[in-house]
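The values are calculated or read from the model by the stated rules, or taken from the named source; none is laboratory data. Remember, it's a predicted structure, so these values are computed and weren't measured experimentally. Reconstructed Cβ throughout: ideal geometry from the backbone, glycine too, with neighbour counts over all protein chains shown. Ligands, DNA and RNA are stripped out before the accessible areas are found, and what is left, the full protein with its side chains, is counted by its heavy atoms. Shrake-Rupley method; radii C 1.70, N 1.55, O 1.52, S 1.80 Å.
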Amino acid sequence: MYQYLFGPVPSRRLGKSLGVDLVPHKTCSYNCVYCECGPTTNLTLERREYVVAARVLNELHHYLEHNAPPDYLTFSGFGEPTLNIKIGEVLRGMQEQFPAIKVAVLTNGSMLQDHAVRKEINSAQVVIPSLDAVSEDVFHFLNRPHRNVR
């Protein structure tokens, strides 16, 4: 029924979490060997409006009119949410329209080097970056990142 929302799913850290997907299926900066969603089909560092912010907010408004609010609205899904250049706009819209619901960002962390990305997500209550490796070799083996990610 919803194109950009999934769940809610139970989470040990976030309680009842409603997922918000801001990129097309498998658009990511990594191609992790362990990804439950399968191989990455669009390995990229390009930030753009993959999903229109207003559409996400409209879907969210409809969902919350007809369902109990979750504990968290969580940016996650089938790819890297910080690749969507409108993540800050969606986050602000969520917080303005639904101030009682906390927002979390699940990220692989690849875009956190970008000051603009950090600024866009800094009002989220929780940012959870992945930490998969303690060495460059293991990082490349597990995450198989875009060639420009170090």
**Asked** Of the conditions (1) of a type in the set (Gly, Ala, Ser); (2) buried (at least 16 other Cβ atoms within 10 Å of the Cβ); (3) not in a strand (DSSP E or B), Ala68 fails just one. Which one is it?
**Response** (2)
**Message:** β-branched (Val, Ile, Thr) and over 16 Å from Gln125 (Cβ atoms): which single residue out of Val90, Val33 fits that description?
**Reply:** Val33
**Request:** Give region 92-128 a look and list any residue that's of a type in the set (S, T, N, Q) and surrounded by fewer than 16 Cβ atoms within 10 Å (Cβ to Cβ), or say none.
**Result:** Gln97, Gln113, Asn122, Ser123, Gln125
**Message:** I'm trying to understand the selection: among the residues of region 5-46, which are surrounded by fewer than 20 Cβ atoms within 10 Å (Cβ to Cβ), assigned to a loop (DSSP other than H, G, I, E, B) and in contact (Cβ under 8 Å) with a residue 24 or more places away in the chain?
**Reply:** Arg13, Pro24, His25, Lys26, Asn31, Cys32, Val33, Tyr34, Cys37, Thr44, Leu45, Glu46
**Message:** Out of Arg144, Arg150, I need the residue that is under 22 Å from His25 (Cβ atoms), among the basic types (Lys, Arg) and at pLDDT below 95. Which one?
**Reply:** Arg144
**Message:** Please determine whether any residue of region 102-115 is out of contact with any Asp or Glu (no Cβ under 7 Å at 6 or more places or on another chain) and part of a helix (DSSP H, G or I).
**Reply:** yes
**Prompt:** How many of the residues in region 115-150 are among the charged types (D, E, K, R) and touching a residue at least 60 places away in the same chain (Cβ under 8 Å)?
**Reply:** 2
**Request:** Could you please let me know if Val138 is closer than 24 Å to Gly15 by Cβ and out of contact with any Ser or Thr (no Cβ under 9 Å at 6 or more places or on another chain)?
**Result:** no
**Request:** Name the residue, out of Leu131, Leu60, Leu73, that is open to solvent by 30 Å² or more (accessible area, probe 1.4 Å) and of a type in the set (A, V, I, L, M, F, W, C).
**Result:** Leu131
**Prompt:** Only one residue in Val103, Val126 is in contact with a helix residue (DSSP H, G or I) (Cβ under 9 Å, 6 or more places away or on another chain) and modelled with pLDDT of 95 or more. Which one?
**Reply:** Val103
**Request:** Those residues that are surrounded by 23 or more Cβ atoms within 10 Å (Cβ to Cβ) and among the β-branched types (Val, Ile, Thr), I need them from region 76-91; list them, please.
**Result:** Thr82, Ile87, Val90
**Request:** Please verify whether region 79-93 includes one or more residues that are over 16 Å from the mean Cα position of the chain (by Cα), closer than 20 Å to Ile128 by Cβ and in a loop (DSSP other than H, G, I, E, B).
**Result:** no
